[in-house]
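Structure record follows, encoded as structure tokens.
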Amino acid sequence: MISPFGLVLILTFLTFSLVLVGSTGEEVVKTYDFTQAFGFWQNGFFGLMGFTLQMMMILVFGFSLAVFKPVNLFLRKLAQLPSTLISAVLLTAAITMIAGLLNWGFGLIVGAVLARFMQQALLEKGQGSNPALLAASGYLGMGIWHGGFSGSAPLSVAESGHFLEAKAGVIPVEFTLFSAFNLVTTFGLFLIFMGTAWYLARNSSKTSDSNDALSIDPLEQGKQNGLARIAGLFMLGVILVGVVFAEESGLGFVSLNWVNFLLFSITLIAYRSSVNFSNAIANGLKSSADIFIQFPFYAGILGLITESGLLNEFVKMGNEITNPESFPLFSFFSAALVNFFIPSGGGQWAVQGPIILETSAAMGLDTGKMVMVFAFGDQISNLLQPFWALPLLSITGVSVRKIFPYTLVFFLVGLFWLWASIFFFF
């Protein structure tokens, strides 16, 4: 398999080729030499540095909270509650999706650890289990996350000064995450996934075999001093003051920076000491390495398509092959498809976001809803995308071959629900 970094390199070379071959302007063909194309790419290469750091932070803090020892112990106790495979699968699915809506990194690790503990608990009770189905249920957070509090696209456009502000302005979360469109769609998706999990658990085969899984060492709270906790409480106080005296109406203060600031303060409070906090963050940073090395190349692609005029061509093409009635569904399915080549929701938004927002504005469509249409497409194909499943597979000891039939079923029912929601509720 080609690595995610290999895919972004291929996309970069492909975009270079499109720019060098020529882009069609108004009744003329505009061509560029390599020096000009290289300039476009280099100008954009570091254009998403702030966004890159935001994406890394949201994953690192989520990971750090997921491996916090009290969270680990809570998950172990939770795993002792179910007495049957059906109840274990349902509880795993529900907790994973709730955690994923809070933070996608948190949901990814919590779901994997909980699925593993559920498997162990069922075997200890002498109950038949299905580790592949439990692992698939523990992965559902990645199929619903983009409609939650860490959704990269909706939180990005809510940030003043975001990289697409010139095209769409600032779009508060009232019109994206907290819109009736998203709340109904995401809650419906939650119920659909729960119903599917119940059906699969009721009709799946059972086994008493155990798996070879990666060991997870929970990180303890520090005891030597409370400096980190003091800093975290101070930051939390700053957040509360900002919420009380916010100039923005409604939920206009919620943005990526606000969410990361909140996660920063909670993580500091949880680990108590500066040493343990630093250790937790250092472990979490390992999980964000792919974001660190991929996002500059996505920014370079953005520079190429923007400065060369390719963006305008894509917008014109979208206007020609679609209309205001079909463009939302076209964007949804294209986002689901592109996610196979750009596994990161933030990186995908950097490439697709300008095209979607530009075309939406030209067609007079609701840009807030269009952001969520993209989010729905990006999240649902994660269930078939092996990149983010790698940590879960290591923690649970389940192979891709065994988990795929179950994630495929979740993908199909989720795809149908999201299609219907966009068709009827957009």
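How large is the charge dipole for segment 149-238, taken about the Cα centre, if only the Cβ atoms of Lys, Arg (+1) and Asp, Glu (-1) carry charge, to the nearest 20 debye?
200
I'd like to check one number: the per residue accessible area of segment 79-170, probe 1.4 Å, reported in Å² as a whole number. Present the calculation step by step, with values, prior to reporting the outcome.
Working: 2360 Å² over 92 residues.
So segment 79-170 comes to 26 Å² accessible per residue, rounded to a whole number.
Are there trypsin sites (Lys or Arg not before Pro) in segment 217-312 that DSSP puts in a loop and that have at most 14 other Cβ atoms within 10 Å, and which ones? Could you put the intermediate results ahead of the total?
Numbers: sites: Lys223, Arg229, Arg272, Lys286; in loops: Lys223, Arg272.
Here the sparse-neighbourhood loop sites are Lys223.
I need the calculated FRET efficiency for the pair Asn279 and Val238, taking r as the beta carbon distance and R₀ as 30 Å, to the nearest 0.05.
Numbers: r = 25 Å, r/R0 = 0.83.
Rounded to the nearest 0.05, the efficiency is 0.75.
Among Asn260, Asn43, Asn103, which one shows the highest mean-square fluctuation when the chain is modelled as a Gaussian network with alpha-carbon springs under 10 Å?
Evaluated over the chain, the most mobile residue of the options is Asn43.
Can you give the calculated 222 nm mean residue ellipticity of the chain, where each DSSP H run of n ≥ 4 adds -39,500 (n - 2.57) and the sum is split over every residue, rounded to the nearest 500 deg cm²/dmol? Display every interim value, and only then the final one.
Details: 20 runs with 295 residues, N = 426.
Value at 222 nm, helices only, nearest 500: -22500 deg cm²/dmol.
Within segment 75-100, whose backbone N sits under 12 Å from a point 7 Å along Cα→Cβ of Glu124?
Backbone N within reach: 75-82.
Greater than 26 Å separation of Cα atoms is the criterion. Which listed pairs, Lys69/Lys286; Lys77/Lys206; Lys286/Lys369; Lys206/Lys286, meet it? Kindly include the intermediate steps, with their values, before the conclusion.
Numbers: Lys69/Lys286 19 Å; Lys77/Lys206 23 Å; Lys286/Lys369 34 Å; Lys206/Lys286 35 Å.
Going by Cα-Cα distance, Lys286/Lys369; Lys206/Lys286 fall outside the 26 Å limit.
Put a dot 7 Å past each Cα toward the Cβ at Ile98 and Arg76; how far apart are the dots in nm?
It works out to 2.1 nm between the two label points.
Of the listed values (i) 47, 25, 20; (ii) 55, 24, 19; (iii) 36, 26, 21, grab the one calculated as semi-axes √(5λ) of the Cα gyration tensor in Å from the structure here.
Checked against the structure: label (iii).
Give me the Å³ per residue figure for the convex hull around the C-alpha atoms of segment 324-426.
Working: hull volume 9.2 nm³, N = 103.
With only Cα atoms used, segment 324-426 gives 89 Å³ per residue.
For Thr207 and Phe340, what is the calculated FRET efficiency with R₀ set at 30 Å and r taken between the beta-carbons, to the nearest 0.05?
That gives a FRET efficiency of 0.45.
Given +1 on the Cβ of Lys and Arg, -1 on the Cβ of Asp and Glu, and no further charges, what dipole in debye does the chain carry about its Cα centre, rounded to the nearest 20? Walk me through the numbers on the way to the answer.
Numbers: 17 positive and 21 negative charges, 355 e Å.
Its charge dipole is roughly 1700 debye.
Just to verify a number: what accessible area does Phe190 come out at with the full protein assembly present, 1.4 Å probe, Å² rounded to tens?
Counting only protein heavy atoms, Phe190 exposes about 40 Å² to solvent.
Any idea which of Leu78, Gly226, Ile171 is furthest toward the positive side of the dipole for the chain, if Lys and Arg beta-carbons carry +1 and Asp and Glu beta-carbons -1?
Selected residue: Leu78.
Ignoring ligands, DNA and RNA, what accessible area per residue does segment 280-323 give at 1.4 Å, in Å²? Could the numbers behind the result be given before it?
Details: 1830 Å² over 44 residues.
Here the per-residue accessible area is 41 Å².
For Phe416 and Ser326, FRET efficiency with R0 = 22 Å and r from the beta-carbon atoms, rounded to 0.05?
Values: r = 18 Å, r/R0 = 0.81.
Computed FRET efficiency for Ser326 and Phe416: 0.80.
So how far apart, in nm, are the two label points at Lys223 and Val184 if each is 7 Å from Cα heading toward Cβ?
Distance between the two pseudo-spin positions: 5.5 nm.
Please compute the length gained on full extension between Ser394 and Phe5, using 0.36 nm multiplied by the number of residues separating them and subtracting their Cα-Cα distance.
On the way: separation 389, 0.36 × 389 = 140.04 nm, distance 2.01 nm.
Separation in residues times 0.36 nm, less the Cα-Cα distance, equals 138.0 nm.
At a 1.4 Å probe radius, carbon and sulfur cover how many percent of the accessible area of the chain?
Values: 12210 of 18200 Å².
Of all accessible area on the chain, carbon and sulfur atoms account for 67 percent.
The values are calculated or read from the model by the stated rules, or taken from the named source; none is laboratory data. Remember, it's a predicted structure, so these values are computed and weren't measured experimentally. Because the Cβ atoms are built from the backbone with ideal geometry, glycine has one as well, and the counts that use them run over all protein chains shown. With ligands, DNA and RNA removed, areas are computed over all heavy atoms of the protein, side chains included. Shrake-Rupley method; radii C 1.70, N 1.55, O 1.52, S 1.80 Å.
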